[in-house]
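In what follows, a structure is listed as structure tokens, so that the remarks can point back to it.
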Amino acid sequence: LYLSGKRYQRQFFDGGDTLYNELAYRQFREALELEPDYANAMVGLAWAYNSKSYYGSKSHLYNDSALLYIDHAIDINPNLSESYVFLGFFYRYDKEDVDKSINAFKMAAELNPNDFYSLGIIGESYIDEKKFDMASEYLIKAFKINHSDVIPGYENANELHISNFISQLMCDAGMFKEAEQFERQLLEYYPDRSHAFLGHISLRQGKFKE
């Protein structure tokens, strides 16, 4: 039942009809009827309630229910990283509380060190906060895990290459030293692109010989 619920939920998240969320909701509820302390199913149900808040008429009640299930899941299994991933998304997109969102994603990444998605969204959050040194730290961590040259978790990720995007933001902010340090960290992965952008950084500073 839980796996069936996850499958329906994935279909909904991938742009499917709200029917898929309703089917996921039912599967998670049935799973919890059979096993009341199933923390993973509680997290799945929390996502389903949260999704309902976007197309239902009782958004605040749905989110109240979602948080209750997450709190219960954490009580049962405090080491389940998925609970904190939910909280990270909830605080970022529903409550627009960046600090709480970052803390939740950091907890998720601490519990699951291979969670490049949470690390990527932490980096994205620091970009929005104009904290580029922190952004580069977490995006490099995410990059080293999944070896993708895009920002994990970032909107339109296929178009946003780390070396092009973060370094450009740093240069725009006048943080040329930080941009250069960032690019040098990527040299072992994309030497041609990073060398080219190091040249761009020098040009931005008027260092034409370099």
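The values are calculated or read from the model by the stated rules, or taken from the named source; none is laboratory data. Since this is a predicted model, take the numbers as computed values, not measurements. Virtual Cβ from ideal backbone geometry, glycine too; neighbours counted across all protein chains shown. Heads up: the accessible areas ignore ligands, DNA and RNA and are worked out on the full protein's heavy atoms, side chains in. Shrake-Rupley method; radii C 1.70, N 1.55, O 1.52, S 1.80 Å.
For the subset of the range 96-114 comprising residues that are closer than 23 Å to Gln9 by Cα and either aromatic (Phe, Trp, Tyr) or in a loop (DSSP other than H, G, I, E, B) (or both), which member is modelled with the lowest pLDDT?
The extreme case among them is Asn114.
State all residues of the range 5-38 that are farther than 18 Å from Tyr69 by Cβ and under 24 Å from the mean Cα position of the chain (by Cα); if no residue qualifies, say none.
If the condition is that a residue be farther than 18 Å from Tyr69 by Cβ and under 24 Å from the mean Cα position of the chain (by Cα), then Arg7, Arg10, Gln11, Asp14, Gly15, Gly16, Asp17, Thr18, Tyr20 are the ones that fit.
So which of Tyr117, Tyr126, Tyr93 is crowded, with 18+ Cβ neighbours inside 10 Å, out of contact with any helix residue (DSSP H, G or I) (no Cβ under 7 Å at 6 or more places or on another chain), at pLDDT 75 or above and assigned to a helix (DSSP H, G or I)?
Numbers: Tyr126 fails: out of contact with any helix residue (DSSP H, G or I) (no Cβ under 7 Å at 6 or more places or on another chain); Tyr93 fails: crowded, with 18+ Cβ neighbours inside 10 Å.
Matching residue, one of Tyr117, Tyr126, Tyr93: Tyr117.
State which residue is nearest to Ser118 (Cα to Cα) when the search covers only the range 131-178 and only residues that are acidic (Asp, Glu) and at pLDDT below 75.
Restricting to residues being acidic (Asp, Glu) and at pLDDT below 75, the top hit is Glu155.
Under 7 Å by Cβ, and 6 or more places apart or on different chains, what pairs join a residue from the range 65-80 that is in a helix (DSSP H, G or I) with one that is open to solvent by 50 Å² or more (accessible area, probe 1.4 Å)?
Partner pairs satisfying both residue conditions: Ile76/Asp37.
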